[in-house]
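To start, the structure under review is shown below, and the notes come after it.
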Amino acid sequence: PEGVHTTITRNYGETADTKANTLILKLVLATAVVILLVAVAIGLKEAFIVGLAIAITLLITLFASWAWGFTLNRVSLFALIFSIGILVDDAIVVVENIHRHMHQGGKKLLEVIQTAVDEVGGPTILATFTVIAALMPMAFVSGLMGPYMSPIPINASTGMLISLVVAFVVTPWLSYKLLQRQALQF
């Protein structure tokens, strides 16, 4: 009616949107820092391979999260940021070992990739499942905190499994496609 004035004191939608965007920015920043460190440590092409592996892992993890009915909220985004360090490990280990075997020389790139992946396969699988075993008990928290906390271990563990598959399937394939010229030099 006339003479009534309203003042918006809280807008939870705007606040949630701002916080979610901040978390997405931090996720992108964390990924960029990892790619930069890999570029400095072993090379640009290797960093590109790791960057693609991270992007593929995150996209598939977000899809899996959506398929399980989780919403993209601060908790699920935190789970991805929390796990970004462990999500990249698998791809980095595989790419670094391929890089190391390439520098040893004497083999074709396809042989190098098979040897390098086989060499780190067992320990990488064991390390991945060890992290998942440490995270999964949090998924069974009951009471009021259960539904709030469950996206963290579920998203992080799903991301770990996906990163393992990406590291053993996509990373060797990308390495074969992108490192052929570089392999000829050794």
Here the residues within region 26-58 that are modelled with pLDDT under 90 and out of contact with any helix residue (DSSP H, G or I) (no Cβ under 8 Å at 6 or more places or on another chain) are VAL28, LEU29
Counting only residues in region 22-54 that are of a type outside the set (A, V, I, L, M) and open to solvent by less than 80 Å² (accessible area, probe 1.4 Å), the one farthest from ILE98 (Cα to Cα) is identified as THR22
Result of the Cβ filter at 7 Å on region 29-54, keeping first residues that are without any contact (Cβ under 8 Å) to a residue 12 or more places away in the chain and partners that are buried (at least 20 other Cβ atoms within 10 Å of the Cβ) and in a helix (DSSP H, G or I), at least 6 apart or interchain, is ALA39/ALA47
Can we say ALA16 is open to solvent by less than 100 Å² (accessible area, probe 1.4 Å) and farther than 27 Å from GLY51 by Cβ?
yes
**OP:** Consider ALA79 carefully, then state whether it is buried (at least 24 other Cβ atoms within 10 Å of the Cβ) and either in a helix (DSSP H, G or I) or at pLDDT below 80 (or both).
**Re:** yes
Note on region 59-76: residues open to solvent by 30 Å² or more (accessible area, probe 1.4 Å), in contact (Cβ under 8 Å) with a residue 60 or more places away in the chain and in a helix (DSSP H, G or I) are ILE60
Condition set under 18 Å from PRO123 (Cα atoms) and among the polar types (S, T, N, Q), scope region 153-170, selection surrounded by the fewest Cβ atoms within 10 Å (Cβ to Cβ): answer is SER157
Here the residues within region 82-106 that are modelled with pLDDT of 85 or more and surrounded by fewer than 17 Cβ atoms within 10 Å (Cβ to Cβ) are ARG100, HIS103, GLN104
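The values are calculated or read from the model by the stated rules, or taken from the named source; none is laboratory data. All values derive from a computational prediction rather than experimental measurement. Please note: Cβ atoms are built from the backbone with ideal geometry, for glycine as well, and neighbour counts cover all protein chains shown. The area values use the complete protein model at the heavy-atom level, side chains included, leaving out ligands, DNA and RNA. Shrake-Rupley method; radii C 1.70, N 1.55, O 1.52, S 1.80 Å.
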